[in-house]
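Remarks on the structure that follows.
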Amino acid sequence: MRLFFRRVAEVVKERPALLVSALDVAVIPGYFFCCWLLQVMLDGGKPCKWTQVGAKCATCGGTHCVQSFLQGDILESFFWNPMVFCWILYAIATWILLNLRFLFRMPRVGALLKGMYSLQAFFVALGVFLTYTLLRNIPFLISVFT
């Protein structure tokens, strides 16, 4: 089994465009799978544990946000959850940049990708996540502490 993964890693290292092409091919069935999975999740109707105590987590409304985005209703998607909406745009930008870098042989894009996935970018995203969670729950926090 180790030999298999080692060989796969070698192939990806030799031909990274092959991996990007595989991701491109997976987009279409992935779209239909996501649509189906989101519908199953929304039909289940299980409430989030946070909402049972009156708070909202940072991803509250994220399922509706993704579903609206996949249906093409961009504005509604943003209003369901702006942070999840930005994550969707970040993923799309990454996909486009990977295609530019490896399929169209644009080496300058590699530096931009490294910056997007650097440790500094991670800490900025973590800070935004925590701040968004706190700001979203100000009415809940006020009611708890008063």
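Values in this text are rule-based calculations from the coordinates and carry no lab data. Since the structure is predicted, the reported quantities are computational estimates derived from the model, not experimental observations. Backbone-built Cβ (ideal geometry, glycine too); neighbour counts: all protein chains shown.
If only the Cβ of Lys and Arg carry +1 and only the Cβ of Asp and Glu carry -1, the dipole of the stretch 14-145 around its Cα centre is close to 380 debye. Computed from backbone phi with θ = phi - 60° and the Karplus coefficients 6.51, -1.76 and 1.60, the 3J(HN,Hα) list for the stretch 106-113 is 10, x, 5, 5, x, 5, 5, 5 Hz; x is used for glycine and proline. Derived scalar couplings between HN and Hα for the stretch 80-91 equal 5, 6, x, 6, 5, 4, 5, 5, 4, 5, 5, 5 Hz in order, rounded to whole Hz, by the Karplus curve 6.51 cos²θ - 1.76 cosθ + 1.60 (θ = phi - 60°), x for Gly and Pro. Taking a quarter of the surface of the Cα convex hull of the chain gives a mean projected area of 12.3 nm².
Please find the FRET efficiency linking PHE33 to CYS86, where r is the Cβ-Cβ separation and R0 is fixed at 22 Å, and quote it to the nearest 0.05. FRET efficiency, PHE33 to CYS86: 0.45. Of the residues TYR132, MET41, LEU23, the one whose Cα sits farthest toward the positive end of the charge dipole of the chain, with +1 on the Cβ of Lys and Arg and -1 on the Cβ of Asp and Glu, is LEU23. What net charge do the residues around TRP95 carry, taking every other residue with its C-beta under 13 Å from that of TRP95, with Lys and Arg at +1 and Asp and Glu at -1? Net charge in that neighbourhood comes out at 0.
Neighbours of PHE85 by Cβ distance under 15 Å: Lys/Arg scored +1, Asp/Glu scored -1, total -1.
Sorting GLU14, GLU76 on the 10 Å Cβ count, fewest up front, what's the list?
If I rank by nearby Cβ atoms, fewest first, I get GLU14, GLU76.
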